[in-house]
Each structure stands twice: as C-alpha cells, then as structure tokens.
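Colleague: Starting off with a structure, shown below.
The values are calculated or read from the model by the stated rules, or taken from the named source; none is laboratory data. Because the structure is a prediction, the values reported are computed rather than measured. Glycine also receives a Cβ, built like all others from the backbone with ideal geometry; neighbour counts cover every protein chain displayed. Side chains are part of the model used for accessible areas, which takes the heavy atoms of the whole protein and leaves out ligands, DNA and RNA. Shrake-Rupley method; radii C 1.70, N 1.55, O 1.52, S 1.80 Å.
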Amino acid sequence: MKAMIIGGGFVGHHLAKHLTESCHWETVLTKLPQETISIPGCEAYNLDILDQDAIQALLVRYRPDVIFHLAAQSSVAYSWKNPQMTVDVNIRGSLNVLDAIRAIEGYTPRVLLIGSGEEYGVLPQGTSLVDETVPVHPGNPYAITKATQNLFGTLYAKAYGMQTVMIRAFNHVGPGQAQQFVVSDFCKQAAEISAGVRAPEIFVGNLSAARDFTDVRDVVRAYALLAEHGRAGETYNVGSGTAVVIRDLLDQIIRQSGMEIRVTVDPKKLRSVEVPVIRADITKLARDTSWKPEIALEQTIEETLAYWRSRVKGETEEKTHG
C-alpha cells in the first residue's frame, strides 16, 4: 500500500511513524518549506496546498493508494484572529486536493479528510454525547471551515464517485503537540516551573468545560483502519467516548509535576463561544474497524510532560552556553 500524508505536523508525524513501522506501508508526506521532518523510511516533500498544480504533479509522480489530508490551520483561537487565512487553507486547500485528484484520469485513491469534533458546536439542551447524525452548528471560524470541508467531501463522493471518508476527530493530545493546545500548554508551563524558569503559576482559560481527549497514537491507528475499512461518503467520529473536565486535567498535570502551583485565569485564553460538555459516540467507528482507544490519559500526560521537560531543559542549556 502506498500512502501520502498531506501535512507533516504533529499528527502527520505520528501517522507517518505508524504507517511505516506498524502497517509497513510505503509512505511519503508533505511539509512546509520551513519545516524539518526526519522519519526513517519516509520521504518528505515541500508542498503548498494553495497550489493545485503542485498537488497534482506530486500525485501523478507518486500515485498513492491512500491520501490522508491533514494540512490545516487548526487553531480555534487563531481562526478568530484570521478567519480569511483559515478559510483559504482549510476550504480552498481541501478543494485543491480533491480537484487535483479529479483531474487525473482513471485515478481513484481513498481520501481521508480530517475534520474536527468542533464541527458539532453548540449542542441541544441536555445533549453531550454526539454521533455522526447530530446536526452540526459550528461556533467558530475553524469549525465552520471543517464543516464545509465535510460537506464537500460528502458531495464529491456522491457526485463524482470519489472514495472520500470524512473524519471528525475530537481533541487528540500527546508528546510533540504545539503549545497552543490545552494539554500541551499546561504541560509546557509546568515544565518551565519545574525547571525554575517560570514562577509557580499556571495561566488558564475556562476550566469548567469538559472535552473528549484521545492520545494521538490511538488516533492515527484509527485513521489507518478507516483508510482500509471506512465506507466512502461516510463520516466517522474519532475520540475516546469520555469527557474530561479541564480542571481535572489540570489537576493531573500539577500532581504529576510534583510542584505547588497557583492557577490564574487569563482572559486572553477564554473563547468567544464555549461548548460546556461534548464527547464522541464512536459506535460507528468501532463497528466498521473494531478500533478502541488503548492509551490512558494519565500516560499521555506523563509522556507529554516528559517531552516538555526535555525540550525546556535543552532550550535553557542552549541559552546558558550560547
């Protein structure tokens, strides 16, 4: 099996490792020119997803059997600041990928379009567990772009017979994630406190919300299984099925840090629109792939904290000796 991962960021890196090491698929991934990616057995190519001709040329050259479209502007906070750029990357970029595929005669790869649990948005009163039939009411610019991507993927499957599989991935976390996401943000701050480069105070947003968290390594296993067993034209939730209150998550991180840490709400970290509780119904995913999450959240926190401790230590030593 030949796979192409469009977008070699946090999830793309873990997915490439899984495909090459566990699935033994021939895998390439794309990245931005400023990114440096080194994964044994996996070639990396520079690609601008706003350039449809460049996408088509790479597809013609490699002709993957499966395409994982991960490239996106994935920050909700940034999407409020720059909705135009979010639309360009997440909608135009996705259409460029789909139309580049359509332009190649006789070519019908399996295409996984990675969306988000954010698409569901504000839920009906009393609803927190969502399956794929729940109507979406996206509540931020990022979520709107991902809901639009989902609609186009569904349409292209019906109208053009494309082998598109749509995914709504809930919060996925783990070592290597950018600090703009909640678990990574808290772990980085805790690591800096442990290293003595930050006062013993963590700045937070809304701690009362409850979210569905899954280790990124479990998430990419689900993606690989959906590439093989997902039904074209269908949408699948990927998550743990459990909601964790952000305050409880923070308490775990502080406990594992072994430090006495004050908690302060930073108004800048509060969202304009916040969904109180949401968790994924993964019945459809489990039925079609037999997937289930395997890595406990405690382990994910431990390894994410270790990642940030190592990184903070390296950065501190570099400044000291630089």
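Colleague: Based on the alpha carbons, how large is the Rg to Rh ratio for region 78-125 when Rh follows Kirkwood?
Modeller: 1.12
Colleague: Here's another thing I want to ask about it. Beta carbons within 10 angstrom, averaged per residue: use that to sort the peptides 258-266, 119-127, 234-242, 280-288, highest first.
Modeller: Most protected by this proxy first, the peptides run 234-242, 280-288, 119-127, 258-266.
Colleague: Where does region 60-203 land on the Kirkwood hydrodynamic radius, alpha-carbon pairs, in angstrom?
Modeller: 17.2 Å is the Kirkwood radius here.
Colleague: Using the Cα centre of region 17-127 as the reference point, and only Cβ charges (+1 on K/R, -1 on D/E), how large is the resulting charge dipole? Debye, rounded to the nearest 20.
Modeller: Numbers: 8 positive and 13 negative charges, 20 e Å.
Charge dipole, region 17-127, about its Cα centre: 100 debye, nearest 20.
Colleague: How large is the charge dipole for the chain, taken about the Cα centre, if only the Cβ atoms of Lys, Arg (+1) and Asp, Glu (-1) carry charge, to the nearest 20 debye?
Modeller: With Lys and Arg at +1 and Asp and Glu at -1, about 240 debye.
Colleague: Additional query: May I ask you to rank Cys187, Cys42 by accessible area, largest first, using a 1.4 Å probe over the protein chains only?
Modeller: Cys42, Cys187
Colleague: Would any residue of region 150-191 have its amide N under 18 Å from a label point 7 Å out along Cα→Cβ of Asp266? List them or say none.
Modeller: From region 150-191, the list is 177-191.
Colleague: Additional query: Measure nothing but the geometry: give the 0 to 90° angle between the long axis through the Cα atoms of 297-321 and the longest principal axis through the Cα atoms of the chain, rounded to 10°.
Modeller: It is inclined by approximately 70 degrees.
Colleague: Also, I was wondering about something else. Binned at 10 Å from 0, what are the whole-percent values of the Cα-Cα distance distribution for region 168-322, short to long?
Modeller: 11, 36, 31, 17, 6, 1
Colleague: Right, another one. Counting only other residues whose beta carbon sits under 14 Å from that of Arg102, what net charge do I get with K and R as +1, D and E as -1?
Modeller: Around Arg102, the charge tally is -2.
Colleague: Still on this structure, please answer the following. For the chain, compute Rg over Rh where Rg is the Cα radius of gyration and Rh is the Kirkwood radius from the inverse mean 1/r over Cα pairs.
Modeller: 0.96
Colleague: For region 192-322, give me the percentage of DSSP beta bridges that are antiparallel, rounded to the nearest 5 percent.
Modeller: Roughly 40 percent of the DSSP beta bridges within region 192-322 come out antiparallel.
Colleague: Residues with beta-carbon under 14 Å from that of Val165, excluding Val165: net charge, scoring Lys, Arg +1 and Asp, Glu -1?
Modeller: After counting each charged neighbour, the total is 0.
Colleague: Still on this structure, I have one more. Taking the DSSP beta bridges in region 1-150 as the whole, what percent of them are antiparallel, to the nearest 5?
Modeller: The antiparallel proportion sits near 5 percent.
Colleague: A further question on this structure: Would you work out which of Met85, His13, Thr316 lies farthest towards the positive end of the dipole of the chain, given +1 charges on the beta-carbon of Lys and Arg and -1 on that of Asp and Glu, about the Cα centre?
Modeller: Positive-most Cα among the choices belongs to Met85.
Colleague: Counting DSSP beta bridges in the chain, what percent are antiparallel, to the nearest 5?
Modeller: For the chain, the DSSP antiparallel bridge percentage is about 10.
Colleague: In region 229-264, whose amide N lies under 17 Å from the spot 7 Å out along Cα-to-Cβ of Lys292? List them in ranges.
Modeller: Zone members listed by number: 238-243.
Colleague: Considering only protein heavy atoms and a probe of 1.4 Å, how much of the accessible area of region 1-91 is carbon and sulfur, as a whole percent? Please report the intermediate quantities before stating the final value.
Modeller: Numbers: 2170 of 4310 Å².
Solvent-exposed carbon and sulfur of region 1-91 make up 50 percent of the total.
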